[in-house]
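Scroll down for the structure; my scribbles are underneath it.
Nothing in this text is a laboratory measurement; each read-out follows from the coordinates by a stated rule. Just so it is clear, the structure is predicted and the values come from calculations on it, not from any experiment. So basically every Cβ, Gly included, is an ideal-geometry build from the backbone, and we count neighbours across all protein chains shown.
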Amino acid sequence: MSNHVSGIPGSPEKSYKMMYSYLYMLKQVNPGTKTCVKLDDASKFKYLFIALGACIEGFAFMRKVIAVDATSLKNKYGGVLVFAEAQDPNGQSYPLAFAVLDSENLTSWTWFFEMLKSVIPDSSELVFMSERNQSLIFAIGSVFPEAHHGHCLWHLKEKVKWHAGNVNKVIVGHKFMELGRYYTVDDFNSAYDSFEKRYPAVYKYVQEHTEKDKWARVFFPRDRYNFDTINSVESMKSVFKEATTWALIPMLDCIVRKFSDWFTQRKEAVSRSIDTSLVPLVENYLHGLWDVAQKLSVREINSYELKYEITDTAGKMFWASLVEKSCTCKVWDYEKFPCLHGLAAYIYFTTNVDGGLNIHELCSKYYWTELWALAYDRTLCVVPDMSSWNVPDQIKEVKIIPPDRIRRKGRKRVG
Ligand SMILES: [Zn+2]
């Protein structure tokens with residue numbers, strides 16, 4: 001990656017001076033984009049927020065689960081770079097907003113979420129996933145009271161496993177992740193009982209220091225789909241690792257450029273799938289189950305509710321309803337596309353009763369190709385070369401003073 005983009009010099013001070021001009025141009029080429037700069041009382045830079053119009057519009061067609069995380073900036077003024085992102089229905093990172101904050105604290109996180117709320121309204125459908133950072137969680141709770149907050153299962157596992165004493169921590173971590181991912185309360189309870197017996201100290205920690213409705217699928221009160229970690233933000237952070245050492249504008253430009261590339265690539269992926277009604281991830285999943293599903297024994301129980309009894313190859317019975325889009329294994333209920341048994345019922349129904357039902361009607365609309373296409377409908381543009389900028393004088397004249405350098409602050413503390 002190069003930091004010589006858009007003809008912008010890499011000097012950190014220049015980045016602050018030219019910030020308003022850069023943001024003006026970013027908004028010019030990306031209509032609907034929201035940007036905000038917060039200065040302190042001495043007109044020094046404090047926070048910056050950017051949500052690109054194309055991303056905000058696209059999120060309307062996407063599952064309402066947002067992962068949030070921050071990474072340190074390694075430039076001479078420090079601070080943190082924050083990402084809020086969703087996951088597209090095909091399992092890929094979908095950027096929503098990013099920000100630069102002076103550090104992670106209640107005031108900065110509250111400001112960030114207030115900015116986010118100006119483009120993504122609070123709703124009971126909304127779920128935020130993050131690490132267990134208390135100020136972040138508190139800020140979400142106060143700014144988005146309707147939304148639910150969930151802990152990243154992977155990060156929680158990393159904390160939990162250290163309470164395992166002399167037992168193998170990797171296995172304890174693995175067992176904990178499994179607990180978070182059961183689909184039925186019975187399966188969870190039975191595994192949790194065994195967990196208590198095998199690892200009493202870890203069990204005690206989990207009981208006393210975690211809330212199950214924030215990490216265990218069976219107790220999670222909202223639709224979380226298959227999200228239980230913030231690994232996608234982690235990988236986004238690693239994509240921009242080098243850029244976090246640069247001055248602000250080259251870094252922002254690198255981020256916008258990468259997001260623009262993603263939009264272009266995903267548009268191509270969408271156009272390759274336009275003949276199928278479901279996104280490739282779900283299409284391939286159902287395709288993979290098809291052979292087994294069509295061999296399972298299916299018996300009609302209720303022809304009004306399209307309820308069926310399905311017996312799997314091990315002889316275990318399940319009840320699935322094509323009307324309720326639900327199965328007693330609960331996989332369909334949580335994932336929002338048919339489980340093996342639901343698929344068996346669908347194959348039975350279309351073969352024996354009515355061939356007019358399309359499989360995509362049994363999935364959440366968020367997995368429909370047509371909605372996936374809408375998420376990438378707009379083009380995401382990078383700011384053109386500086387030589388072609390056309391910024392009004394009153395914006396050019398507003399200059400931001402850089403914040404205090406972190407090294408200077410450090411020396412003050414030592415002295
Ligand atoms: Zn099932």
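Given R₀ = 41 Å, FRET efficiency for Asp261-Lys204 by Cβ-Cβ distance, to 0.05?
0.30
How high is the FRET efficiency between Tyr304 and Glu361 when r is their beta carbon distance and R₀ equals 25 Å, given to the nearest 0.05? Could you put the intermediate results ahead of the total?
Values: r = 17 Å, r/R0 = 0.68.
E between Tyr304 and Glu361, to the nearest 0.05, is 0.90.
Let me have the 222 nm mean residue ellipticity of the chain computed from DSSP H runs of 4+ only, each contributing -39500 (n - 2.57), with the sum over all residues rounded to the nearest 500.
Result for the chain, helices only: -12500 deg cm²/dmol.
Tell me, what HN-Hα J-couplings in whole Hz come from the Karplus equation 6.51 cos²θ - 1.76 cosθ + 1.60 at θ = phi - 60° for each residue of region 134-140, using x for Gly and Pro?
4, 5, 5, 5, 5, 4, 4
Can you tell me the orientation of helix 248-272 relative to the chain, as the angle in degrees between its alpha-carbon axis and the longest Cα principal axis, to the nearest 10?
The helix 248-272 is inclined about 30 degrees to the chain.
Could you list which residues have their amide H under 5 Å from that of Ala147, counting only those 5 or more apart in sequence or on another chain, with H placed in the peptide plane?
Amide H neighbours of Ala147, under 5 Å, 5+ apart: Ser123.
So between Lys396 and Glu158, what do we pick up on full extension, going 0.36 nm a residue minus the alpha carbon distance?
80.9 nm
Using θ = phi - 60° and the Karplus curve 6.51 cos²θ - 1.76 cosθ + 1.60, what whole-Hz ³J(HN,Hα) does each residue of region 20-25 get, with Gly and Pro shown as x?
Each residue of region 20-25 in turn: 5, 5, 4, 5, 4, 5 Hz.
Between Pro89, Pro392, Pro338, where does the largest GNM mean-square fluctuation fall for the chain, given springs only between Cα atoms within less than 10 Å?
Of the options given, Pro392 has the highest mean-square fluctuation.
Most mobile of Met18, Met386, Met115 per a Gaussian network model of the chain (Cα springs, under 10 Å)?
Sorting by GNM fluctuation, first place goes to Met386.
Want the number for Glu242 to Ser297: 0.36 nm per residue separation, take away the alpha-carbon distance, what's left? Write out the running numbers ahead of the final one.
Values: separation 55, 0.36 × 55 = 19.80 nm, distance 5.54 nm.
This chain segment gains 14.3 nm when fully extended.
Quick one, what does Rg over Rh come out to for the chain if you take C-alpha atoms and the Kirkwood Rh?
1.03
If I build a Gaussian network model for the chain, linking alpha-carbon pairs within less than 10 angstrom, which residue out of Ile401, Ile249, Ile301 has the largest mean-square fluctuation?
Most flexible of the set in this elastic network: Ile301.
So what are the ³J(HN,Hα) numbers for region 287-292, from phi and the Karplus equation (6.51, -1.76, 1.60; θ = phi - 60°), rounded to whole Hz, Gly and Pro as x?
4, x, 8, 3, 4, 5
Please compute the length gained on full extension between Val185 and Ala314, using 0.36 nm multiplied by the number of residues separating them and subtracting their Cα-Cα distance.
This chain segment gains 44.3 nm when fully extended.
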